[in-house]
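Heads up, the thing below is written out as structure tokens.
Just so you know, all these numbers are worked out from the coordinates, no wet-lab data involved. The model shown is predicted, which means the values in this text are computed figures rather than measured ones. No Cβ is skipped: glycine too gets one built from the backbone with ideal geometry, and neighbour counts run over all protein chains shown.
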Protein chains: 2
Amino acid sequence: MSEVAAGGRDRAGVQEFIERFAGQLADAGMQRMAARVFVALLAEDAARLTAAELAEVLQVSPAAISGAVRYLTQVDMIERRREPGSRRDYYFLKADMWYDMITQREQLMLRWRSILDDGIDALGVHTRAGQRMRETVAFFDYLHEEMPGVMERWKERRAKLHREWGLSD
Amino acid sequence: MSEVAAGGRDRAGVQEFIERFAGQLADAGMQRMAARVFVALLAEDAARLTAAELAEVLQVSPAAISGAVRYLTQVDMIERRREPGSRRDYYFLKADMWYDMITQREQLMLRWRSILDDGIDALGVHTRAGQRMRETVAFFDYLHEEMPGVMERWKERRAKLHREWGLSD
DNA sequence: CGCTTGTTTCACAAAATCATGAAGTTAAGA
DNA sequence: TCTTAACTTCATGATTTTGTGAAACAAGCG
């Protein structure tokens, strides 16, 4: 544990968590700064921070934040919102971020699929390599079919967990 | 189509496919050279090439190949094999590469999970951020449970496809 | 209107990544 | 044991990526 009363926030620990987890996401291919912004929001109770707050937490320039949030917005992991009559943008974690992540992954596979189709043409369907790629395409298609069901069952499970944890759905 | 008899290999087309698909994989976070080696093997009928052949196909130095295959071997996407009484290493695409890729992804989530657990400690389970992470961990656990079933069903589907395509299993 | 605050863009510098050639290692075959 | 082929390691230089400060831009608010 830490020097903080049980249940409270351990500031240094949270800071370390942000850097460690963001580091892992970066290793997995995510842009470094985008990963740090994402995790900073994840560790925030309101799941919401302004650009200036992000710059402060992460100790970087506003310019770096600007680039990172543009990316995160594009891939739908966060949302930009501005309260009427304010100049400050707030960045929110999307509520269904895991669903969005999966969706994003599917977009990726769709793009791969179309390139693989061209590859099959170039190789010829009857070659062994052609067959192997045909199987790869079939695998992507299979995953595409399965995912809705998997996510559906996750929603059920999540609702059940929320009930157990005593949270509103 | 191409200038090649139907069913045959279109060399230039294959070359283009290798670069395009490898490029996509690189964009998705894979090391560039590793991606090129992987796709070169994918497009090879025998799914097998020596280091020298890879260097030739991809027009790079043997040193670059050496680094790429080290990575691909580590993450279990290819296998190195040497025929007895020879000095040449062959690199093989793993037969069950998609299964391995999924497995690898799970390893990743396992690592994330343990960092998230530390994060929950630092935040406190009762904070909103703590709860959000608890849900994230639950999502990873859920995926971990679902995957074996998904892959099982894929194997069935694949067997069926092979029968339809007239291939041995 | 213009001042002010918050954000974005852009040119540049710092840092990380990548592929290379050359030297080093290993083991086959003579 | 010596030679040689195949691969690996390592220092280096090139390229790419990343974050910065400064300047431009936008929009509340007086």
Report summary line: Scanning region A:82-114 for residues that are within 9 Å of DNA strand D (Cβ to nearest atom) and either of a type in the set (S, T, Y) or in a helix (DSSP H, G or I) (or both) gives A:S86
Query raised in the report: If you scan region A:75-104, which residues turn out to be more than 18 Å from A:L49 (Cβ to Cβ) and over 11 Å from the mean Cα position of the chain (by Cα)?
Result: A:P84, A:G85
Query raised in the report: In region B:71-106, how many residues are among the hydrophobic types (A, V, I, L, M, F, W, C) and over 27 Å from B:W154 (Cα atoms)?
Result: 0
Query raised in the report: Could you list, in sequence order, the residues of region B:73-97 that are closer than 19 Å to A:V137 by Cβ and free of Cβ contacts under 8 Å to residues at least 24 places away in the same chain?
Result: B:K94, B:A95, B:D96, B:M97
Report task. Report whether or not B:L123 is more than 16 Å from DNA strand D (Cβ to nearest atom), hydrophobic (A, V, I, L, M, F, W, C), more than 10 Å from every other protein chain (Cβ to nearest Cβ) and at negative phi. Result -> no
**Report entry** Matching residues, region A:137-153, being in contact with a Leu (Cβ under 7 Å, 6 or more places away or on another chain) and more than 7 Å from chain B (Cβ to nearest Cβ)
**Finding:** A:V137
